[in-house]
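Novice: The structure follows.
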Amino acid sequence: MAQKPSIPKGTRDFSPAEVAKRNHIISNIREQFEKFGFQPIETPSFENSDTLMGKYGEEGDRLIFKILNSGDFLQKANEQAYSERDSTKLTSSISEKALRYDLTVPFARYVVQHRNEIEFPFKRYQIQPVWRADRPQKGRFREFFQCDADVVGSDSLWQEVEFVQLYDAVFTALGLNGVTIKINNRKVLSGFAEVIGESDKLIDFTVALDKLDKIGEDGVKKEMQEKGISSEAIEKIQKVFGLKGTFSEKIEVLKDILEPSEVGRKGIEELEFINSAIEELKLNTATLDLDVTLARGLNYYTGAIFEVAAPKGVAMGSIGGGGRYDDLTGIFGMSGVSGVGISFGLDRIYLVLEELDLFPETVSGNIKALFINFGEQESLYCLRAIKELRSAGVAAELYPDEAKMKKQMNHANKREIPFVILAGAEEKESKKFTLKNMKSGEQASVSLQELKNRLV
RNA sequence: GUGGUUGUAGCUCAGCUGGUUAGAGCGCCUGAUUGUGGUUCAGGAGGUCGCCGGUUCGAACCCGGUCUUCCACCCCA
């Protein structure tokens with residue numbers, strides 16, 4: 001080996017076993033998506049830069065992977081920007097394409113572009129990789145999969161109710177019990193800012209509030225003050241910091257705080273609607289919890305905000321998120337279309353399932369039986385049986401070379417193939433097969449019919 | 001983008017204040033066993049000590065840079 005090859009930072013190779021486990025998660029998610037009436041679409045891995053740039057805030061722009069123009073890109077480079085070392089300006093003159101950063105913005109682009117072919121409300125799901133030029137950490141990669149389901153063209157709050165149930169359905173199907181679906185509402189956050197008279201500092205305010213469980217009450221207040229929010233203002237929403245109890249108990253406290261704010265009252269109304277519907281319909285294994293500190297997410301959320309936390313005791317960032325955005329397609333010139341959607345973080349769900357040992361053994365994707373190769377004549381005899389087994393739905397194969405028995409048995413053992421079939425001259429003569437169970441070591445002489453019966 | 005951390009055999013890791021031919025366990029290969037794997041025993045292969053440069057008589061070890069890993073911040077799935 002001259003020089004070890006490698007892959008870029010934050011990317012990964014997947015072994016057969018890993019792919020099988022990932023497929024197990026994806027197929028569960030897909031199955032639930034379809035059960036809930038979502039239809040799949042796919043979009044290109046890269047988009048025109050102006051489709052993506054400016055949609056995720058300044059931080060987002062930095063994290064978008066840009067694709068260099070083909071050909072002699074420096075010929076057309078903006079000379080002034082180059083000589084001034086103005087990267088932002090230079091970038092637009094040497095790169096016009098970028099890898100997609102999430103699935104929501106490309107979806108909005110898709111909706112606008114295909115508006116005349118789409119029947120609204122349109123429910124689509126999309127399972128594809130996205131790329132972010134972020135620094136990798138645990139559960140954070142530069143290439144990862146998102147599994148999104150969104151509805152556009154419906155203002156109905158029943159959609160939010162459906163999404164809560166969808167989260168519950170997927171995590172229940174995966175055997176991941178005890179996840180918490182945290183919900184908040186942007187209108188409640190706006191209400192807070194309004195009540196304290198700092199509506200123009202809404203973003204700073206919510207970003208600080210979001211860190212409550214991380215840096216504590218004092219830390220949040222300190223950060224708010226640093227952003228220019230007065231302590232008198234913060235005092236007005238003091239009760240927010242100590243919010244406890246059930247969903248309804250929290251709502252009662254919020255009603256009190258947000259009484260003066262119309263938008264705040266609207267937010268509470270929406271939360272109550274969703275909660276009472278869920279209480280009526282019941283969730284299988286998940287819990288719906290009101291978390292007013294939840295402010296994550298993209299600048300475009302206008303109503304509900306969702307985030308899913310792994311079961312207690314698992315150290316992992318959120319494994320899903322989503323929300324309502326009233327005018328997502330507006331950025332592409334099509335206003336008045338409301339959308340709401342959620343996302344599943346495949347790679348993080350994988351890590352959580354792995355940590356809790358929740359992958360069923362059956363996901364291996366392995367063959368059921370290996371035929372030992374005894375030579376040309378015997379192989380043909382085996383291949384005839386293999387053909388029949390396969391059409392009966394049994395995955396089986398013949399060891400390709402006439403190697404030593406020990407080597408062939410060892411191969412079956414290493415691949416954890418549950419059955420080995422020995423069919424040499426003797427078996428061929430008597431039209432039998434020797435079936436060996438690799439786990440128990442038992443073996444039996446059986447007919448082809450019996451072989452099929454035992455392996456199907 | 002900021003600060004820190006990690007890198008020695010396929011894997012997990014030892015390697016004294018810099019000092020001859022860099023070690024272990026597991027794995028791998030061969031044989032004991034020419035139609036029986038997982039156990040045992042005997043033997044064997046495998047390393048430019050992440051990469052580049054510097055200090056030194058001498059560097060896996062010290063210094064600088066770079067890449068990578070993981071962590072915190074920012075932000076986020």
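What follows is calculated from the coordinates using simple rules that are stated; it is not laboratory data. All of these numbers come straight from a predicted model, not from anything done at the bench. Using ideal geometry, Cβ is built from the backbone for each residue, glycine included, and neighbour counts are taken over all protein chains shown.
Novice: What stretch of chain A, leaving out the sites themselves, is the longest with no GluC sites (Glu not before Pro) in a DSSP loop having at most 13 other Cβ atoms within 10 Å?
Specialist: A:120-401
Novice: Let me ask another. Would you mind giving the average projected area, over all directions, of the Cα convex hull of the range A:324-456 in nm² with one decimal? Kindly include the intermediate steps, with their values, before the conclusion.
Specialist: Values: hull surface 55.1 nm².
So the mean shadow area of the Cα hull is 13.8 nm².
Novice: So if each residue of separation counts as 0.36 nm, and I subtract the Cα-Cα distance between A:R115 and A:K211, what length gain in nm does that give?
Specialist: On the way: separation 96, 0.36 × 96 = 34.56 nm, distance 3.90 nm.
Contour length minus Cα-Cα distance gives 30.7 nm.
Novice: Distance cut-off 25 Å, Cα to Cα: go down the list A:K35/A:K312; A:K9/A:K138; A:K312/A:K414; A:K187/A:K250; A:K9/A:K123; A:K123/A:K214 and report the pairs above it.
Specialist: Violating the 25 Å Cα-Cα cut-off are A:K35/A:K312; A:K312/A:K414; A:K9/A:K123; A:K123/A:K214.
Novice: Here's something else I'd like to know. Hey, if you put +1 on the Cβ of every Lys and Arg and -1 on every Asp and Glu Cβ in the range A:312-456, which of A:G323, A:S430, A:F374 ends up farthest toward the positive end of that dipole?
Specialist: Farthest towards the positive pole: A:S430.
Novice: For the range A:36-103, run through the trypsin sites (Lys or Arg not before Pro) and keep only the ones in DSSP coil with at most 11 other Cβ atoms within 10 Å of their Cβ.
Specialist: Listed in order of number, the matching sites are A:R85.
Novice: Moving on to the next point. Explain nothing, just the number: dipole magnitude of the range A:109-238 about its Cα centre with +1 on each Lys and Arg Cβ and -1 on each Asp and Glu Cβ, in debye rounded to the nearest 20.
Specialist: It comes to approximately 520 debye.
Novice: Quick check for me: using +1 on Lys/Arg Cβ and -1 on Asp/Glu Cβ, what's the dipole size of the range A:360-423 about its Cα centre, in debye to the nearest 20?
Specialist: 100 debye
Novice: A follow-up question, please. In what order do A:K428, A:K182, A:K406 fall by count of nearby beta-carbon atoms within 10 Å, going from fewest to most?
Specialist: A:K406, A:K428, A:K182
Novice: Go through the range A:276-347 and name the trypsin sites (Lys or Arg not before Pro) that are in a DSSP coil and have 13 or fewer other Cβ atoms within 10 Å of their Cβ. The partial results should precede the final answer.
Specialist: Values: sites: A:K282, A:R296, A:K312, A:R324; in loops: A:K282, A:R296, A:K312.
Taking the range A:276-347 and a limit of 13 other Cβ atoms within 10 Å, the loop trypsin sites (Lys or Arg not before Pro) found are A:K282, A:K312.
Novice: With only alpha-carbon pairs counted, each pair once and no self-pairs, how large is the Kirkwood hydrodynamic radius of chain A in angstroms?
Specialist: Final number for the Kirkwood radius of chain A is 26.0 Å.
Novice: May I pose another question? Taking each pair of distinct Cα atoms in the range A:207-303 once, what is the resulting Kirkwood hydrodynamic radius in Å?
Specialist: Details: mean 1/r = 0.0670 Å⁻¹.
Over the range A:207-303, the inverse of the mean reciprocal pair distance is 14.9 Å.
Novice: In sequence order, what are the phi-derived ³J(HN,Hα) couplings for the range A:236-252 according to the Karplus relation 6.51 cos²θ - 1.76 cosθ + 1.60 with θ = phi - 60°, rounded to whole Hz, with x for glycine and proline?
Specialist: 5, 10, 3, 4, 4, 5, x, 4, 9, x, 6, 3, 5, 5, 5, 4, 4
Novice: Still on this model: Can you tell me, using C-alpha contacts under 8 Å and at least 6 residues apart, the relative contact order of the range A:84-203 as a whole percent?
Specialist: It rounds to 17 percent for the range A:84-203.
Novice: Turning to a different aspect of this structure: Given the C-alpha centroids of the range A:389-413 and the range A:151-227, what is the distance between them in whole angstrom?
Specialist: Value for the Cα centre distance between the two parts: 55 Å.
Novice: May I ask which residue of A:A133, A:Q165, A:A233 lies farthest towards the positive end of the charge dipole of chain A, with charges of +1 (Lys, Arg) and -1 (Asp, Glu) on Cβ and the Cα centre as origin?
Specialist: A:A133
Novice: Right, here's the next one. Round to the nearest 10 and give me the degree value, 0 to 90, for the angle of helix A:262-281's Cα axis relative to the longest principal axis of chain A.
Specialist: Helix A:262-281 sits roughly 30 degrees off the main axis of chain A.
Novice: I'd like the FRET efficiency for A:K227 and A:L63, computed as 1/(1 + (r/R0)^6) with the beta carbon distance as r and R0 of 30 Å, rounded to 0.05.
Specialist: 0.85
Novice: Give, rounded to the nearest 20 debye, the magnitude of the charge dipole that chain A has about its Cα centre when Lys and Arg contribute +1 at Cβ and Asp and Glu contribute -1 at Cβ.
Specialist: 1900 debye
Novice: If you don't mind, there's one more thing I want to ask. Amide H neighbours of A:Q128 under 5 Å, counting only residues 5+ apart in sequence or on other chains, H built in-plane at 1.01 Å?
Specialist: Those lying under 5 Å, H to H, from A:Q128 are A:Q146, A:D148.
Novice: Could I have the simple spin-label model distance between A:E272 and A:N48, label points 7 Å from Cα toward Cβ, reported in nm to one decimal?
Specialist: Inter-label distance under the simple model: 4.7 nm.
Novice: Please compute the contact order of chain A in relative form: average sequence separation of alpha-carbon pairs under 8 Å and at least six residues apart, divided by the residue count, as a percent.
Specialist: On the way: 738 pairs, mean separation 68.2, N = 456.
Contact order relative to length: 15 percent.
Novice: Go through A:A77, A:Y101, A:G54 and say which Cα lies farthest out towards the positive end of the charge dipole of the range A:40-139; charges sit on Cβ, +1 for Lys and Arg, -1 for Asp and Glu.
Specialist: A:Y101
Novice: Continuing with the same structure: Just to confirm the filter: which trypsin sites (Lys or Arg not before Pro) across the range A:229-268 are DSSP coil and have at most 16 other Cβ within 10 angstrom of their Cβ?
Specialist: Passing sites in the range A:229-268 are A:K244.
Novice: I've got another one for you. Where does each of A:W131, A:W158 land when they are ranked from fewest to most other beta-carbon atoms within 10 angstrom?
Specialist: The most exposed by this proxy come first: A:W158, A:W131.
Novice: Further, regarding this structure: How high is the FRET efficiency from A:I203 to A:K35, r the C-beta distance, R0 60 Å, rounded to 0.05?
Specialist: 0.95
Novice: Quick one: order A:V19, A:V161, A:V220 by neighbouring beta-carbon count within 10 Å, fewest to most.
Specialist: Listing A:V19, A:V161, A:V220 from fewest to most nearby Cβ atoms yields A:V19, A:V161, A:V220.
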